[in-house]
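These notes concern the structure reproduced below.
Since every read-out is calculated from the coordinates, none of them should be taken as a lab result. Fair warning: this is a prediction, and the values are worked out from it, not measured in the lab. Quick reminder, even Gly has a Cβ in these numbers, built from the backbone with ideal geometry, and neighbours come from all protein chains shown.
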Amino acid sequence: MAEIMHNIVKAATVDAVKAANFISISCDEVTSVDNQSWLSLHVYIIKEWSWIPILLSLERVVEGADAGNLTRVIIQALLTVGGLRGESLSSKLICLGADSESVFQGARTGVTWQIKLDYAPHMQGIHCMGHRTNLAV
């Protein structure tokens with residue numbers, strides 16, 4: 001039963017992402033109590049003037065949490081779980097929201113820069129509002 005539900009949710013996610021004119025993503029890397037690194041990746045689409053957040057993937061980061069590896073993990077999730085192709089990624093991905101750590105937002109080396117340079121030239125990087133609020137508090 002769980003596998004059937006997983007396949008239904010996955011198919012609906014792929015359909016929603018493919019149908020969207022534009023997508024925005026946000027992500028955060030965390031270390032679990034057992035010292036594993038995970039990347040939470042959300043995709044946001046607008047459909048009929050409604051903002052729809054979707055948990056795209058929770059990826060285990062095995063090869064280290066450096067910018068190059070996190071970029072590979074994000075792009076792989078967008079292509080496989082999100083069902084995007086390289087050319088649609090370039091035209092659909094408009095924003096990446098993440099914390100201001102140099103790994104994500106670093107000039108010329110961060111994940112945002114690498115995705116913009118190699119995959120989505122019109123994408124903008126923003127500092128995640130959840131992280132800004134957390135910092136303010």
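Taking the condition without any contact (Cβ under 8 Å) to a residue 40 or more places away in the chain, surrounded by fewer than 12 Cβ atoms within 10 Å (Cβ to Cβ) and among the basic types (Lys, Arg), does LYS116 pass?
For LYS116, the condition - without any contact (Cβ under 8 Å) to a residue 40 or more places away in the chain, surrounded by fewer than 12 Cβ atoms within 10 Å (Cβ to Cβ) and among the basic types (Lys, Arg) - is not met.
Mind listing whichever residues of the stretch 84-99 are crowded, with 16+ Cβ neighbours inside 10 Å and in a loop (DSSP other than H, G, I, E, B)?
Selection gives LEU84, ASP99.
Go through the stretch 16-61 and report how many residues are in contact with a Phe, Trp or Tyr (Cβ under 7 Å, 6 or more places away or on another chain) and outside any strand (DSSP E or B).
The number of residues fulfilling the criteria is 1.
Could you check how many residues of the stretch 63-75 are touching a residue at least 12 places away in the same chain (Cβ under 8 Å) and either out of contact with any helix residue (DSSP H, G or I) (no Cβ under 6 Å at 6 or more places or on another chain) or in a loop (DSSP other than H, G, I, E, B) (or both)?
Number of matching residues: 7.
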